[in-house]
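Coordinate-derived values only; no laboratory data. The structure presented is a predicted model; accordingly, all values stated were derived computationally and were not measured. Note that we place each Cβ from the backbone using ideal geometry, even for glycine, and neighbour counts take in every protein chain shown.
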Amino acid sequence: MLTGAIAPSGPALAQAITAPLAQAGRGAARAPVRVLEVGAGTGVFTAAILRCLAPGDELDVYEINPNFQACLEARLAANALPGVDCRLHIAAIGGLQAAQPFDFIISALPLNNFSAVEVEAILKLLMGHLRPGGTLSYFEYPFVRQLKRMLVTNAAERARLRAVGEVVHSFLGRHPCRQAAVPLNLPPAVAHHILKPEVA
Ligand SMILES: C[S@@+](CC[C@H](N)C(=O)[O-])C[C@H]1O[C@@H](n2cnc3c(N)ncnc32)[C@H](O)[C@@H]1O
């Protein structure tokens, strides 16, 4: 199951996950930004991202499920200001190729649905495409991994979830990051904002 959520994210989570982008200001208040969204689904975050973008900014949206294509095209058409360069990729993020790094990456990928090796590769790929000084934002539902581990009877599945948890914790431990709890989402979520340090 690739979607990995019981319902689309709510407005509080969309606001929390786009907070670093919103805090950068809009239009003439800042230099143009390049944004990557991964796992767009029906486009709840896409709409929130577009509210922060101004002419000259660029947005690349990746979504693997073609069933969401029409919905995402409609979101882009309805919410993008003229002059904002939007590209929709109905493709897996593993195939990402970008000539220039992104200032902000916002991911809704359901990390618990992948193998630990895949999670490690995805996080490495995203950090590799982030500009120094840029921010990677993603969210998780707290305790879901632990809860699933208690409920599943299959030992291999338990081992997979434990390994995914180790990869995620190790990643968070190696990077400066801050968390924002979003109790008003269904289910409650935590947004993680990881800063890629500037090169000294
Ligand atoms: C948890 S849903 C989030 C949807 C939406 N952003 C939200 O917050 O409501 C995760 C989305 O990631 C997509 N997805 C899963 N694996 C992917 C991959 N490898 N590359 C791109 N998108 C992927 C799924 O199809 C799904 O739409």
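Fully extending the segment from residue 81 to residue 155 would add 21.6 nm, taking 0.36 nm per residue of separation and subtracting the current Cα-Cα distance. For the pair residue 113 and residue 145, label points projected 7 Å from Cα toward Cβ lie 1.7 nm apart. Its Cα centre serving as origin, segment 33-195 has a Cβ charge dipole (Lys and Arg +1, Asp and Glu -1) of approximately 560 debye.
Measuring nothing but how far apart in sequence close Cα pairs (under 8 Å, 6+ apart) lie, relative to its length, segment 93-188 scores a relative contact order of 32 percent. Taking every alpha-carbon pair under 8 Å whose residues sit at least 6 apart, the chain reaches a relative contact order of 23 percent. Its Cα centre serving as origin, segment 112-195 has a Cβ charge dipole (Lys and Arg +1, Asp and Glu -1) of approximately 100 debye. When each of the peptides 143-153, 6-16, 58-68, 165-175 is scored by how many other beta carbons lie within 10 Å of its residues on average, the order from highest to lowest is 58-68, 6-16, 165-175, 143-153.
Here the dipole of segment 1-75 is about 260 debye; that uses its Cα centre as origin and unit charges on the Cβ of Lys and Arg (positive) and Asp and Glu (negative). Summing charges over neighbours of residue 146, with a neighbour being any other residue whose Cβ is under 13 Å away from its Cβ, gives +3 when K and R count +1 and D and E count -1.
With the charge dipole of the chain set up from +1 on Lys and Arg Cβ and -1 on Asp and Glu Cβ about the Cα centre, the Cα lying farthest toward the positive end among the listed residues 143, 117, 14 is that of 143. Could you give the distance between the Cα centres of segment 1-74 and segment 162-200, to the whole Å? Segment 1-74 and segment 162-200 have Cα centres separated by 18 Å. The coefficient of translational diffusion for the chain, derived via Stokes-Einstein from the alpha carbon Kirkwood radius under 10 °C and 1.306 mPa s, stands at 92 µm²/s. Computed over segment 30-125, the percent of Cα pairs more than 20 Å apart is 34. Only helices enter the 222 nm calculation for the chain: every DSSP H run of n ≥ 4 contributes -39,500 (n - 2.57), and dividing by all residues gives -10500 deg cm²/dmol, rounded to 500.
Bridge orientation summary for the chain: considering DSSP beta bridges with both residues in this region, about 40 percent are antiparallel. Computed from Cα positions, the angle between helix 116-128 and the longest principal axis of the chain comes to roughly 20 degrees.
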